[in-house]
Amino acid sequence: MTLATSFLGLQLQSPLLIASGPASHDVNQVALAEEQHIGAIVLKTVCSDKYDHMRYWPRPRYKLLDWDKQISGRSKYFTLYSYEQGYSGTLLDYWDFIRACKDHATVPIVGSIFADIADDWKELALKVQESGADAVELDISSPHRPGSLDFETTFVAAIDAVVKALRIPVLVKLGAGPDVIHQCKAAERCGASAVTLCNRIRGFDVDIETQQPILHGYYAGVGGPWAKYYTFRHVAEAAQSIKIPISATGGATSAEDIIKYVLLGASTVQILSVIMVNGWESIAQIHADLAAYMQRKGIHSLEEIRGKALKTMILPEDIVRWSGEPKTGARNVWKPVDDHGHS
Amino acid sequence: MATLNAKYRGLDPIPPPFSKEYPPVALIVEEKCIACDRCPPVCFFDALVMESRPGHKYHRTALVISENCTGCGLCFEACPVEAIIWVPDLEKAKPKTRPGESAMKDADV
Ligand SMILES: Cc1cc2nc3c(=O)[nH]c(=O)nc-3n(C[C@H](O)[C@H](O)[C@H](O)COP(=O)(O)O)c2cc1C
Ligand code: SF4
Ligand code: SF4
């Protein structure tokens, strides 16, 4: 039995990746992740200089909603509400960060970038490659990204330019929504090596005591264990629409969630929120539970079950249906209600 | 006062009033801390440690290393006894001036 996974030509010891964010903004976190036998690490996204303001974060920038910390600080369902944007250092800091990670890491390191015009994307991506990263992820779907940037006009050109310029694999991280499959296909056409599905979405919450938006008066990034259900669907759709591998991300907190993503066709799964709320050890727990499941099911490698659940999917018209409650007769005759609420 | 979704207290939904003048950093109210060890592991910025405190009821408390604190707010959600509060970081007067200020118009946050 092995958790080893082959992804983008890289041999990973596990299908679990650290997703881009606060668990991968600092070289010393590499050791913490490796202690847990993580498959690879996607570093915190760095923004081009034009988006320098995204390097400055409001305080506070995280709030847990529907979080019941009385349950020994572990809630099964919660929302992580966040205002965190880019890597807080300069581009030079980021290239040094990648080099330092590569000097010490034994697992693959994926750089992550954000820009707008294709030339800037390309320049950043080339620097990520030059700094030694094993792959680059294009974060075109951040819930905080400027709304003026459009997929068709901006990001297709960016993916195209980066793929043409680079030797290392290029992942494109997409957001949830009705366009995601169209965007998966566009990424594949541009030659992307994989898609990451799905980024967090933009959400909002209001404080009813002060009757104003919580935290900083603007929309925030939201996600949580509930986010897996629409991502399951997007992964299933994508697995049936494109040939490039899928790295799933969104709401995975347990081995069960990882197994489901694999059954729906994902090659790897990127996690973050579970580490933020339950600690780095949650990775070891997921690995142990994954191994137990594989043992119990007699699975040698997850490759054997990748996409298996899709094989039993059917078309809506083929779903077996039965007639409902008859609506003729008494159900269409008005019966007055008496004073006691009885008819 | 109870609100509809007040299952727990945790981080105040509205930032402290001084937060437009000074960056907030976390501070442990040592008398309240029950040394439960929950907050250090949630800090991704090496800003929380447990320290021995002779004379304290539990002989130890959590301690914020304020130079490292990014004011993220996550530790507030971990503390079962509301022992973490915001204080202004008086050394860093004023919010960071943002070189990209003009680009802020285009930004979402
Ligand atoms: C606080 C926070 C910061 C994040 N920052 C980034 C980022 O800089 N770049 C990025 O591509 N994704 C970012 N993400 C998204 C994560 O990489 C991940 O895809 C997402 O949180 C879904 O996984 P999860 O439900 O396991 O957290 C961030 C998420 C959180 C919660
Ligand atoms: S506010 Fe955030 S950075 Fe500061 S001590 Fe708490 S968890 Fe650490
Ligand atoms: S979580 Fe609260 S009570 Fe527990 S160690 Fe930290 S400050 Fe003290």
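Out of A:TYR81, A:TYR56, report the one residue that is free of Cβ contacts under 8 Å to residues at least 60 places away in the same chain and of a type outside the set (A, V, I, L, M). Among A:TYR81, A:TYR56, only A:TYR56 is free of Cβ contacts under 8 Å to residues at least 60 places away in the same chain and of a type outside the set (A, V, I, L, M). Each residue in region B:17-33 was checked for being open to solvent by 20 Å² or more (accessible area, probe 1.4 Å), more than 11 Å from ligand 3 (Cβ to nearest atom) and not in a loop (DSSP other than H, G, I, E, B), and 4 pass.
Selection of region A:126-167 for residues being crowded, with 24+ Cβ neighbours inside 10 Å and aromatic (Phe, Trp, Tyr) yields only A:PHE155.
Conditions (1) more than 8 Å from ligand 2 (Cβ to nearest atom); (2) part of a strand (DSSP E or B); (3) under 19 Å from A:GLU281 (Cα atoms); (4) under 13 Å from the mean Cα position of the chain (by Cα), marked per residue:
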{"site": "B:ALA35", "(1), (2), (3), (4)": "yes, no, no, no"}
{"site": "B:GLU51", "(1), (2), (3), (4)": "yes, yes, no, no"}
{"site": "B:PRO54", "(1), (2), (3), (4)": "yes, no, no, no"}
{"site": "B:LYS57", "(1), (2), (3), (4)": "yes, no, no, no"}
{"site": "B:ASN68", "(1), (2), (3), (4)": "no, no, no, yes"}
{"site": "B:CYS75", "(1), (2), (3), (4)": "no, no, yes, yes"}
{"site": "B:GLU82", "(1), (2), (3), (4)": "yes, no, no, yes"}
{"site": "B:TRP86", "(1), (2), (3), (4)": "yes, yes, no, yes"}
{"site": "B:GLU91", "(1), (2), (3), (4)": "yes, no, no, no"}
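Across region A:276-334, the number of residues qualifying as over 23 Å from A:ALA252 (Cα atoms) and touching a Gly at 6+ places or on another chain (Cβ under 6 Å) comes to 0.
A:LYS260: part of a loop (DSSP other than H, G, I, E, B), more than 21 Å from A:SER82 (Cα to Cα) and of a type in the set (D, E, K, R), yes or no? Steps first, please.
Numbers: part of a loop (DSSP other than H, G, I, E, B): no; more than 21 Å from A:SER82 (Cα to Cα): yes; of a type in the set (D, E, K, R): yes.
Criteria not met by A:LYS260.
Does B:CYS79 fit the bill of being closer than 23 Å to A:GLY21 by Cβ, within 16 Å of ligand 1 (Cβ to nearest atom) and within 11 Å of chain A (Cβ to nearest Cβ)?
Working: closer than 23 Å to A:GLY21 by Cβ: yes; within 16 Å of ligand 1 (Cβ to nearest atom): no; within 11 Å of chain A (Cβ to nearest Cβ): yes.
Criteria not met by B:CYS79.
Would you mention how many residues in region A:55-68 are among the aliphatic types (A, V, I, L, M) and within 7 Å of chain B (Cβ to nearest Cβ)? Residues meeting the conditions: 1.
Suppose we filter region A:39-54 for residues that are in contact with a helix residue (DSSP H, G or I) (Cβ under 6 Å, 6 or more places away or on another chain), open to solvent by less than 10 Å² (accessible area, probe 1.4 Å) and more than 9 Å from chain B (Cβ to nearest Cβ); how many remain? I'd like the intermediate steps shown before the answer.
Within region A:39-54, the subset in contact with a helix residue (DSSP H, G or I) (Cβ under 6 Å, 6 or more places away or on another chain) is A:41, A:43-44, A:46-48, A:53.
If we keep only those that are open to solvent by less than 10 Å² (accessible area, probe 1.4 Å) too, we end up with A:41, A:43, A:46-48, A:53.
Pick out the ones that are also more than 9 Å from chain B (Cβ to nearest Cβ) and you get A:41, A:43, A:46-48.
Total satisfying the criteria: 5.
Of A:ALA165, A:ALA192, A:ALA186, A:ALA161, which residue is among the small types (Gly, Ala, Ser), in contact (Cβ under 8 Å) with a residue 12 or more places away in the chain and touching a strand residue (DSSP E or B) at 6+ places or on another chain (Cβ under 7 Å)?
On the way: A:ALA165 fails: touching a strand residue (DSSP E or B) at 6+ places or on another chain (Cβ under 7 Å); A:ALA186 fails: touching a strand residue (DSSP E or B) at 6+ places or on another chain (Cβ under 7 Å); A:ALA161 fails: touching a strand residue (DSSP E or B) at 6+ places or on another chain (Cβ under 7 Å).
Testing whether each residue is among the small types (Gly, Ala, Ser), in contact (Cβ under 8 Å) with a residue 12 or more places away in the chain and touching a strand residue (DSSP E or B) at 6+ places or on another chain (Cβ under 7 Å) leaves just A:ALA192.
Any residue that is over 17 Å from A:ALA248 (Cβ atoms) and either touching a Gly at 6+ places or on another chain (Cβ under 9 Å) or touching a residue at least 40 places away in the same chain (Cβ under 8 Å) (or both) - is there at least one of those in region A:173-182?
Quick first cut of region A:173-182, residues over 17 Å from A:ALA248 (Cβ atoms) only: A:178-179, A:182.
Okay, now just the ones that are also either touching a Gly at 6+ places or on another chain (Cβ under 9 Å) or touching a residue at least 40 places away in the same chain (Cβ under 8 Å) (or both), so none.
No: zero hits.
Checking B:CYS33, B:CYS39 one by one, the residue that is in contact with a helix residue (DSSP H, G or I) (Cβ under 6 Å, 6 or more places away or on another chain) and more than 16 Å from ligand 1 (Cβ to nearest atom) is B:CYS39 and no other. Filter region A:168-226 down to the residues that are open to solvent by 70 Å² or more (accessible area, probe 1.4 Å) and more than 10 Å from every other protein chain (Cβ to nearest Cβ), then identify the one that is farthest from ligand 1 (Cβ to nearest atom). Per the criteria, the residue is A:GLN211.
With respect to A:VAL262, determine if the residue is buried (at least 21 other Cβ atoms within 10 Å of the Cβ), more than 16 Å from ligand 2 (Cβ to nearest atom), closer than 12 Å to A:LEU17 by Cα and away from chain B (no Cβ under 14 Å). Outline the logic, then answer.
Values: buried (at least 21 other Cβ atoms within 10 Å of the Cβ): yes; more than 16 Å from ligand 2 (Cβ to nearest atom): yes; closer than 12 Å to A:LEU17 by Cα: no; away from chain B (no Cβ under 14 Å): yes.
The answer is no for A:VAL262.
What number of residues within region A:309-324 satisfy the criterion of being open to solvent by 100 Å² or more (accessible area, probe 1.4 Å) and at pLDDT below 85? Counting residues in region A:309-324 that are open to solvent by 100 Å² or more (accessible area, probe 1.4 Å) and at pLDDT below 85 gives 1.
The residue list A:SER20, A:SER75, A:SER14 contains one member that is at pLDDT 95 or above, touching an Asp or Glu at 6+ places or on another chain (Cβ under 8 Å), in a loop (DSSP other than H, G, I, E, B) and away from ligand 2 (no atom under 16 Å from the Cβ), which is A:SER20.
Considering the conditions (1) open to solvent by 30 Å² or more (accessible area, probe 1.4 Å); (2) within 13 Å of chain A (Cβ to nearest Cβ), B:CYS69 is excluded by exactly one of them, (1). Reported count of residues in region A:160-175, each being part of a helix (DSSP H, G or I) and not basic (Lys, Arg), is 5.
Residues to consider are A:SER273, A:SER301; find the one that is in contact with a strand residue (DSSP E or B) (Cβ under 7 Å, 6 or more places away or on another chain) and farther than 26 Å from B:GLU77 by Cα. I'd like the intermediate steps shown before the answer.
Values: A:SER273 fails: farther than 26 Å from B:GLU77 by Cα.
After ruling out the rest, the residue left standing is A:SER301.
The values are calculated or read from the model by the stated rules, or taken from the named source; none is laboratory data. Quantities reported herein were computed from a predicted structural model and do not represent experimental measurements. Backbone-built Cβ (ideal geometry, glycine too); neighbour counts: all protein chains shown. The protein model used for the area step is the full one, side chains on, heavy atoms only, and it has no ligands, DNA or RNA in it. Shrake-Rupley method; radii C 1.70, N 1.55, O 1.52, S 1.80 Å.
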